[in-house]
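Visitor: Just passing along the structure, written as structure tokens.
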Amino acid sequence: MYAPLTTKLMYKIFFQSALQQKFINKIVSKNNLLLFKFPSQKINSVMSQSRVSVNPPTNLNASSMVKQNKLKIAYPVAHKDESVNETIHGIGVRDVYRWLEDPEAQETHRFIDAQNAISQPFLENCDEWQNINMKLTKLWNYPKYGTPMRNGCFYYYYKNTGLQNQHVMMQQDSLKEEGRVFIDPNELSPDGTTAITQASFSDDGAYMAYGLSESGSDWEKIRIRKAQDCKDIDEVLDKVKFTSIAWTKDNKGFFYGRYPCQDGKTDGSETKQNEHQKLYYHRLGESQETDTMVLEFPEQPSWRTISEVSDCGKYLIIYISNTVRDNMLYYANINAGEEICGPMNAHPIVDKFEADYEFITNEESRLYFRTNKSAPNYRLVIIDVEHPQEEHWKTVIPEHEKDVMEWALCAHDNKLVVCYIRDVKSVLHSYELATGKMLQQFDLDIGTISGVSGEKKYSEIFYSFSSFLTPGIIYQYDFAKPEEEPKVHREIKLNLEEFSRDSYAVEQVFYKSKDDTDIPMFIIRKKRYTLEPRPCLLYGYGGFNHSLMPSFGITAVTFIDAFDGVVAYPNLRGGGEYGIKWHNAGRLLKKQNVFDDFQAAAEYLTCNKYTSKDRLAIQGASNGGLLVGACINQRPDLFAAAVAQVGVMDMLRFHKFTIGHAWCSDYGNPDEKEHFENLHGYSPLHNVHTPKETSKEYPSTLILTADHDDRVSPLHSLKFVAALQEAVRQSEFQNNPILLRVYTKAGHGAGKPTTMRIKEATDILSFYLKSLTMDTVNL
């Protein structure tokens, strides 16, 4: 899903698709991304509060309510502050639920409690929830492995025996042994909510610096572990967010980014903007207070710096970003034997935000970068820091006419491994470093390279292949033995004899969107001779240059198996499946194309008898949550059910909270008139309607968020649900439920423990069971 360091970190800052999170180890082990109690609510205590009230019906049978369309829910009455009425760029904007933006306010807590008091019993108080939970737990319980990484004299990989909350990092002396536990994050918190967010080894492999996140927050604490005895040294670095860990080649310390201290909480529940990140150098054995600040941009509070040390150790490569795409490129000299004791002199290579650049390797002063500058599908170029002007750049691997260069790495001193996306499928090649001559193409099935590791100083690489029906096959290839084919290092299999890939069909179709553009879509279902309408889950994202690639997901498999259903993944514009042109076609003033593509996918599935309106559910997370929110406003007639996870719903104020200002590159800046008018036209919060006829009735809708989500603050979901429930409260045409579920000690999705993931999946599938027409249910 992501490969080189900067792309992964930039994407991590913004959105991660809940169904598509993958287990990645690009060694870019410099930034590993892992794979992936509710307290009972007392209705009486909620009813006693003054400004939020709730009167749920007694003996609520949620299943019969939805299917028979007779019993309505009495939603909490949220206070409306009519004084918040503004005129912005000539447009009147009422924001009566702005008080829900305060996560510390008691009134906000009462609103959340009241919502959970309805949604939690609706979802959980039935036999079906228990049956689905048992089925999911059984399917989830299989050994999972990450791609091995070589560091120093050891190999490392992540392992989960099946139902462990967090993956355990293992250490091996050789690939032939199972290895021993190097670090087990499950021991760091009793409920499994502490997760490893990244790991970076010193050049000699003696130390590993790693980030820890608590309760799903983007905030990290960096700790350092010794490879030999698997023990941490004393220092702990905090105020860390959106950063890499870049070791100097002398193994004495590393560069990282941190934010200044701020008033109030910094645990992920706050909404304060993240500003004034600075780049520091930390020396082993010293406290964080003595760290050296090496780079800052005090006049640019929104800029972030991500750093990487060149393979030769002489250069610090510095990426500067202020949004989700396009970064400036600087470098600084690292002089061997000299202490880093003050600000470094950073030299610009690229000083404009106009393209993406990712460092791959270097040969002396010649630095190799993957970039989309003058290449929408990306190319590989050499930039000599002694002559960094663009006219001196040399293209090593040119842009492919159609395939998108997703990532590249250097191995075996002079080999380039390059992964392309070809019609939403991975293609893997190797090239000569000096000439760009292709050496070989690795055989792959239809699917995705979901994890890779390799370094210039080692001859071997590892890569993991996955698909909709393949949990994972890890391959090993040694460039020092070119006569040998890649061999299977490990195959990941479900602990279920009855699961057979031959029982399922996977097809890729191309359908027409509203403007006649061809949009690809994968459809997964059980094999049958004739098509007839089945329950269907349509999952979408469509943004931030992120490609929705084939991947294995237990929730999707369960939906197909339990409901004899269909799962569909359209590759909407706004993603990166066909390069920057595809991204540009679904962002800023063209964002409506994404919604049109998704709605056209729904129409294709119904017209071609994969499903019917009463059987069709849509789902999306984060930017995909925005997608769902916009589509139920625009075309409620298309869907029977909708689930929006951690979505961006207030498009006029998203840039005012945490890292939201970075998303202006995809959405546009609401402070600018042209973008404000465009955003106001589709913002889910500002386009809620009261159904005046049956065709305008909202589908059964479940909004999910979490109290420690500091990527997309819960306020988006709270305000949207308050507006929806108020709009449908008195409508005779609205019988479908509008529900909000707020999870505790959880964030945007990354690092969520297995128990929480299974519970959330159970909630979602139970909701679909109660909302869609089902002919057969296999629980």
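Visitor: Among the numbered conditions (1) surrounded by 16 or more Cβ atoms within 10 Å (Cβ to Cβ); (2) in the same structural domain as LYS487 (by TED's automatic domain parsing); (3) not in a helix (DSSP H, G or I), tell me where ASN186 comes up short.
Guide: Result: ASN186 passes all but (3).
Visitor: Considering only segment 704-759, state which residues are under 30 Å from ASN186 (Cα atoms) and of a type in the set (Val, Ile, Thr).
Guide: THR705, VAL712, VAL742, THR744, THR754, THR755, ILE758
Visitor: Follow-up question, since we're still on this one. Restricting to segment 737-779, give me the number of residues that are part of a loop (DSSP other than H, G, I, E, B) and buried (at least 23 other Cβ atoms within 10 Å of the Cβ). Step through it out loud before you land on a result.
Guide: Applying the first criterion (part of a loop (DSSP other than H, G, I, E, B)) to segment 737-779 yields 737, 744-753, 772-779.
Those still in the list that are buried (at least 23 other Cβ atoms within 10 Å of the Cβ) too: 737, 746-749, 751-753, 772.
Adding up the residues that qualify gives 9.
Visitor: Now for a separate question. Looking at the structure I just gave you, is HIS392 under 23 Å from CYS312 (Cβ atoms) and of a type outside the set (Asp, Glu)?
Guide: Values: under 23 Å from CYS312 (Cβ atoms): yes; of a type outside the set (Asp, Glu): yes.
For HIS392, the condition - under 23 Å from CYS312 (Cβ atoms) and of a type outside the set (Asp, Glu) - is met.
One line per residue, one yes/no per condition, for (1) part of a loop (DSSP other than H, G, I, E, B); (2) under 24 Å from GLY454 (Cα atoms); (3) among the aromatic types (Phe, Trp, Tyr):
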site: LEU409; (1), (2), (3): no, yes, no
site: ASP423; (1), (2), (3): yes, no, no
site: LEU428; (1), (2), (3): no, yes, no
site: TYR431; (1), (2), (3): no, yes, yes
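Visitor: For segment 306-323, check the following and say yes or no: at least one residue is among the basic types (Lys, Arg) and farther than 30 Å from ASN414 by Cβ. Quick ask: steps written out before the conclusion?
Guide: Of the residues in segment 306-323, the ones among the basic types (Lys, Arg) are 314.
Applying the additional criterion that residues be farther than 30 Å from ASN414 by Cβ yields none.
Within segment 306-323, none of the residues are among the basic types (Lys, Arg) and farther than 30 Å from ASN414 by Cβ.
Visitor: Oh, and also: Taking into account only those residues within segment 281-317 that are touching a helix residue (DSSP H, G or I) at 6+ places or on another chain (Cβ under 8 Å) and either outside the structural domain of ASP356 (by TED's automatic domain parsing) or not basic (Lys, Arg) (or both), which is surrounded by the fewest Cβ atoms within 10 Å (Cβ to Cβ)?
Guide: So the first thing to find is which residues in segment 281-317 are touching a helix residue (DSSP H, G or I) at 6+ places or on another chain (Cβ under 8 Å), and the list is 282-283, 302, 304, 306, 308.
Add one more test, that the residue is either outside the structural domain of ASP356 (by TED's automatic domain parsing) or not basic (Lys, Arg) (or both), and what stays is 282, 302, 306, 308.
On the way: HIS282: 25, SER302: 18, ILE306: 26, GLU308: 23.
Looking at the filtered set, the residue picked out is SER302.
Visitor: Just wondering, is there one or more residues in segment 335-349 that are polar (S, T, N, Q) and crowded, with 21+ Cβ neighbours inside 10 Å?
Guide: Going through segment 335-349, the residues polar (S, T, N, Q) turn out to be 335, 345.
If we keep only those that are crowded, with 21+ Cβ neighbours inside 10 Å too, we end up with none.
No; the residues of segment 335-349 include none that is polar (S, T, N, Q) and crowded, with 21+ Cβ neighbours inside 10 Å.
Visitor: Return yes or no: is LYS673 in the same structural domain as ARG587 (by TED's automatic domain parsing) and either of a type in the set (Asp, Glu) or more than 25 Å from PHE767 (Cβ to Cβ) (or both)? Steps first, answer last, please.
Guide: Values: in the same structural domain as ARG587 (by TED's automatic domain parsing): yes; either of a type in the set (Asp, Glu) or more than 25 Å from PHE767 (Cβ to Cβ) (or both): yes.
Yes; evaluated as a whole, the condition is true for this residue.
Visitor: While we're here: Out of the residues in segment 318-333 that are touching a Ser or Thr at 6+ places or on another chain (Cβ under 6 Å) and closer than 25 Å to LYS252 by Cα, which is surrounded by the most Cβ atoms within 10 Å (Cβ to Cβ)? Give the steps one after another, and end with the answer.
Guide: First, pick out the residues of segment 318-333 that are touching a Ser or Thr at 6+ places or on another chain (Cβ under 6 Å): 318-320, 322-325, 327.
Subset that is closer than 25 Å to LYS252 by Cα: 318-320.
Values: ILE318: 26, TYR319: 23, ILE320: 22.
Checking each candidate, the answer is ILE318.
Visitor: Test of understanding: among LEU638, LEU616, which residue is buried (at least 24 other Cβ atoms within 10 Å of the Cβ) and either at pLDDT 95 or above or under 22 Å from VAL742 (Cα atoms) (or both)? Can you show your working first?
Guide: Values: LEU638 fails: buried (at least 24 other Cβ atoms within 10 Å of the Cβ).
Of the residues listed, the single one that is buried (at least 24 other Cβ atoms within 10 Å of the Cβ) and either at pLDDT 95 or above or under 22 Å from VAL742 (Cα atoms) (or both) is LEU616.
For every residue, the table says whether it meets (1) in a loop (DSSP other than H, G, I, E, B); (2) within 26 Å of ARG741 (Cβ to Cβ); (3) assigned by TED's automatic domain parsing to the domain that holds ASP218; (4) not hydrophobic (A, V, I, L, M, F, W, C).
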site	(1), (2), (3), (4)
GLU128	no, yes, no, yes
THR147	yes, no, yes, yes
GLN166	yes, yes, yes, yes
GLN171	no, no, yes, yes
LEU175	yes, no, yes, no
GLY192	yes, yes, yes, yes
ILE196	no, no, yes, no
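Visitor: When only residues in segment 203-257 that are farther than 19 Å from LYS272 by Cα and of a type in the set (Phe, Trp, Tyr) count, which is surrounded by the most Cβ atoms within 10 Å (Cβ to Cβ)?
Guide: Per the stated criteria, the residue is PHE255.
Visitor: Buried (at least 24 other Cβ atoms within 10 Å of the Cβ), acidic (Asp, Glu) and either in a helix (DSSP H, G or I) or under 19 Å from the mean Cα position of the chain (by Cα) (or both) - does that describe any residue in segment 584-602?
Guide: yes
Visitor: Looking at THR701, THR755, THR762 in this structure, which one is assigned by TED's automatic domain parsing to the domain that holds ILE618 and within 28 Å of TYR210 (Cβ to Cβ)? Before you say what the answer is, go through the steps one by one.
Guide: Values: THR701 fails: within 28 Å of TYR210 (Cβ to Cβ); THR762 fails: within 28 Å of TYR210 (Cβ to Cβ).
Of the residues listed, the single one that is assigned by TED's automatic domain parsing to the domain that holds ILE618 and within 28 Å of TYR210 (Cβ to Cβ) is THR755.
Visitor: Show me the strands (runs of 3 or more DSSP E) entirely contained within segment 468-579 in which 3 or more residues are closer than 22 Å to THR754 by Cα. Can you show your working first?
Guide: On the way: elements: 470-478, 487-492, 504-512, 518-526, 536-539, 566-570.
Because the criterion is at least 3 residues that are closer than 22 Å to THR754 by Cα, the strands (runs of 3 or more DSSP E) in segment 468-579 that meet it are 470-478.
The values are calculated or read from the model by the stated rules, or taken from the named source; none is laboratory data. Treat the numbers as computed from the prediction; the structure is a model and nothing was measured. Glycine also receives a Cβ, built like all others from the backbone with ideal geometry; neighbour counts cover every protein chain displayed.
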